[in-house]
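Engineer: Sharing a structure below in structure tokens format, with a few things to ask.
The values are calculated or read from the model by the stated rules, or taken from the named source; none is laboratory data. Owing to the predicted nature of the structure, the values given are computational and were not obtained by experimental measurement. In this analysis, Cβ positions are derived from the backbone assuming ideal geometry, glycine residues included, and neighbour counts consider all displayed protein chains. Quick note on the areas: whole protein, heavy atoms, side chains included, nothing else; ligands and nucleic acids left out. Shrake-Rupley method; radii C 1.70, N 1.55, O 1.52, S 1.80 Å.
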Amino acid sequence: MTGPARHAQAATPRSGAPSHAESNWPQSWCRIESDVKRLQVRIAKATREGRWGKVQALQRLLTRSYSGKMLAVKRVTENRGKKTPGVDGKIWSTPVAKSKGALALKHRGYRPQPLRRLYIPKSDGKERPLGIPTMRDRAMQALWKLALEPVAETRADPNSYGFRPERSTADAIAHGFTVLAKRSSAEWILEGDIRGCFDNISHDWLLANVPMDKTILRKWLQAGYVEQGTLFATEAGTPQGGIISPILANWTLDGLEQAALASVASTERRRRPFKVHVVRYADDFIVTGASKSLLEHQVRPAIEAFLKERGLELSAKKTHITHISEGFDFLGQNVR
């Protein structure tokens with residue numbers, strides 16, 4: 001082969017060769033997941049020790065790391081909503097788009113776009129509003145979820161089962177069975193339902209209590225949403241549809257179990273067991289008790305005070321006190 005022909009062949013790119021951006025998208029995730037896990041373990045340890053300055057420093061390290069950004073993009077491009085765009089109409093379906101998306105996760109100058117408002121039907125015939133962030137905002141939320149989850153899991157209520165790793169509705173039902181099935185178990189149940197939980201959580205409470213970058217959190221909470229071409233402001237709540245929303249809702253409701261137990265703490269407890277147990281799945285919960293009066297006059301007021309501080313209230317229509325012989329509905333099952 002002559003010299004010019006050899007040079008021409010060398011200059012021609014091979015068919016199917018990956019681009020530079022495409023080659024930057026990882027093929028093996030073991031090292032990346034290990035790096036993130038190691039930082040999460042350190043965050044959880046610092047949380048248990050009450051070293052909040054170290055928690056903040058480790059969160060900053062994780063949310064600026066290559067591994068954290070790559071894993072965040074991987075999660076939002078492989079979940080069920082990966083083909084649902086936000087207001088910009090974009091999805092990240094190729095390795096090139098994913099790599100560019102990870103590189104775009106920068107905190108300096110970050111400004112989230114408004115949410116795209118959708119509605120899905122509920123079992124009672126009403127519709128549930130969803131707020132769909134753009135892919136970039138989803139990835140940024142997923143990145144901060146990696147940093148916030150170790151703190152939330154360390155401080156979570158023992159019997160909270162919704163939107164948590166390695167927990168499910170079946171676990172919640174099983175625990176309900178455990179506290180109700182014995183001959184000596186409580187016979188009265190407070191069925192709790194929080195009115196518009198996700199839509200009404202106080203922004204001021206979240207900003208004062210959630211241990212993460214307040215600037216980023218404020219921007220998410222105040223991003224607004226677009227419906228039929230019109231921009232609406234968001235004055236309260238964290239929209240269903242955002243990746244960060246379940247963990248913010250759980251953080252808001254963690255402590256409800258302790259509030260219920262504290263309402264019956266008295267010197268009489270030694271002589272008469274109150275049989276108070278809480279089982280919560282996200283914003284649906286039950287509280288068991290030895291008597292209807294106990295639940296109505298001690299436990300319920302304590303829970304209402306707990307919720308009021310966070311901008312929430314019980315639904316008068318859906319909150320009931322029921323005897324076990326009548327049965328009650330919980331997480332799609334009838335327990336009796």
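Engineer: Just need the relative contact order of the chain here, percent rounded to a whole number, with Cα pairs under 8 Å and 6+ apart.
Structural biologist: Values: 496 pairs, mean separation 62.4, N = 336.
Averaging sequence separation for qualifying contacts and normalising by length gives 19 percent for the chain.
Engineer: Could you tell me which of P158, S315, Q40 has its Cα farthest along the dipole of the chain towards the positive end, charges placed at Cβ (Lys, Arg +1; Asp, Glu -1), taken about the Cα centre?
Structural biologist: The Cα lying farthest towards the positive end belongs to Q40.
Engineer: Sticking with this one: What order, most packed first, do the peptides 62-75, 125-138 have when packing is the mean number of other Cβ atoms within 10 Å of each residue?
Structural biologist: Working: 62-75: 21.4, 125-138: 19.4.
Top to bottom by mean Cβ count within 10 Å: 62-75, 125-138.
Engineer: Once phi is turned into ³J(HN,Hα) by the Karplus curve 6.51 cos²θ - 1.76 cosθ + 1.60 with θ = phi - 60°, what whole-Hz value does each residue of the stretch 132-143 show in order, with x for glycine and proline?
Structural biologist: Couplings: 9, x, 5, 4, 5, 5, 4, 5, 5, 5, 5, 5 Hz.
Engineer: Identify all aspartates and glutamates with a Cα-Cα distance to K82 below 14 Å; exclude those on the same chain that are fewer than 8 residues away in sequence.
Structural biologist: Qualifying aspartates and glutamates at Cα under 14 Å: D137.
Engineer: Under 1.5 on a/c is rounded, so check that first for the stretch 99-176, then, if it is not, pick prolate when a/b is larger than b/c and oblate when it is not; a ≥ b ≥ c are the square roots of the alpha carbon gyration tensor eigenvalues. Display every interim value, and only then the final one.
Structural biologist: Details: a/c = 3.08, a/b = 1.32, b/c = 2.34.
It is oblate, given that a/c is not under 1.5 and a/b is not larger than b/c.
Engineer: Computing the accessible area with a 1.4 Å probe over protein heavy atoms, can you report the carbon and sulfur percentage for the chain? Don't skip to the answer; put the middle values down first.
Structural biologist: Values: 9100 of 18440 Å².
Its accessible area is 49 percent carbon and sulfur atoms.
Engineer: Between A181, A172, A46, find the one with the highest GNM mean-square fluctuation for the chain; connect C-alpha pairs within less than 10 Å.
Structural biologist: A181
Engineer: I'd like the distance separating the alpha-carbon centroids of the stretch 36-83 and the stretch 201-230, in whole Å.
Structural biologist: Cα centroid to Cα centroid, the span is 20 Å.
Engineer: Once you charge only the Cβ atoms, +1 for Lys and Arg and -1 for Asp and Glu, what is the size of the charge dipole of the stretch 127-201 about its Cα centre, to the nearest 20 debye? Can you show the working numbers first?
Structural biologist: Numbers: 10 positive and 11 negative charges, 32 e Å.
Dipole of the stretch 127-201, to the nearest 20 debye: 160 debye.
Engineer: A follow-up question, please. If you average the alpha carbon positions of the stretch 122-175 and of the stretch 276-336, how far apart do those two centres end up, in angstrom?
Structural biologist: So the separation of the two Cα centres works out to 21 Å.
Engineer: Related question: Around S67, what is the net charge, scoring Lys/Arg as +1 and Asp/Glu as -1 over all other residues with Cβ under 11 Å from its Cβ?
Structural biologist: Details: positive: R31, K37, R38, R64, K69, K74; negative: E33, D35.
Residues close to S67 contribute a combined charge of +4.
Engineer: Report, ordered by chain and residue number, the lysines lying within cross-link reach of K182, taken as a straight Cα distance under 22 Å and ignoring same-chain residues fewer than 8 apart.
Structural biologist: K275, K292
Engineer: Treating the beta-carbon of each Lys and Arg as +1 and of each Asp and Glu as -1, no other charges, what is the dipole magnitude of the chain about its Cα centre, to the nearest 20 debye?
Structural biologist: On the way: 54 positive and 33 negative charges, 278 e Å.
So the magnitude is around 1340 debye.
Engineer: Just the number please: accessible area per residue for the chain, 1.4 Å probe, all protein chains included, in Å².
Structural biologist: Working: 18440 Å² over 336 residues.
On a per-residue basis, 55 Å².
Engineer: If you add up the charges near L206, with Lys and Arg at +1 and Asp and Glu at -1, over every other residue whose beta carbon is less than 11 angstrom from its beta carbon, what do you get?
Structural biologist: Working: positive: K214, R218, R310; negative: D204.
Around L206, the surrounding residues sum to +2.
Engineer: Which value, in debye to the nearest 20, describes the size of the charge dipole of the stretch 144-269 about its Cα centre when Lys and Arg Cβ atoms bear +1, Asp and Glu Cβ atoms bear -1, and nothing else is charged?
Structural biologist: Working: 11 positive and 16 negative charges, 42 e Å.
Charge dipole of the stretch 144-269: 200 debye, to the nearest 20.
Engineer: Order C197, C30, most accessible first, counting only protein heavy atoms with a 1.4 angstrom probe. Kindly include the intermediate steps, with their values, before the conclusion.
Structural biologist: Values: C197 5, C30 100 Å².
Greatest to least solvent exposure: C30, C197.
Engineer: By the gyration tensor of its Cα atoms, with a ≥ b ≥ c the square roots of the eigenvalues, what is the shape of the stretch 166-217: rounded for a/c under 1.5, prolate for a/b over b/c, or oblate?
Structural biologist: Working: a/c = 3.43, a/b = 2.36, b/c = 1.45.
Prolate, since a/c reaches 1.5 and a/b exceeds b/c.
Engineer: Here is a further query. Ordered by residue, what ³J(HN,Hα) values in Hz, to whole numbers, does the stretch 168-177 give under the Karplus form 6.51 cos²θ - 1.76 cosθ + 1.60, where θ = phi - 60° and Gly and Pro are x?
Structural biologist: Each residue of the stretch 168-177 in turn: 8, 4, 4, 5, 5, 4, 4, 5, x, 4 Hz.
Engineer: Which semi-axis lengths, in whole Å and largest first, follow from the square roots of five times the eigenvalues of the Cα gyration tensor of the chain? Don't skip to the answer; put the middle values down first.
Structural biologist: Working: eigenvalues 424, 94, 75 Å².
Equivalent ellipsoid semi-axes, largest first: 46, 22, 19 Å.
Engineer: Also, I was wondering about something else. Quote to one decimal, in nm, the extra length available between A233 and A265 on full extension: 0.36 nm per residue of separation minus the C-alpha distance between them. Walk me through the numbers on the way to the answer.
Structural biologist: Details: separation 32, 0.36 × 32 = 11.52 nm, distance 4.27 nm.
So the extension gain works out to 7.2 nm.
Engineer: Further question: If R₀ is 56 angstrom, what is the calculated FRET efficiency for the pair T178 and A104, using the beta carbon separation as r and rounding to 0.05? Write out the running numbers ahead of the final one.
Structural biologist: Details: r = 47 Å, r/R0 = 0.85.
Efficiency, from the Cβ-Cβ distance: 0.75.
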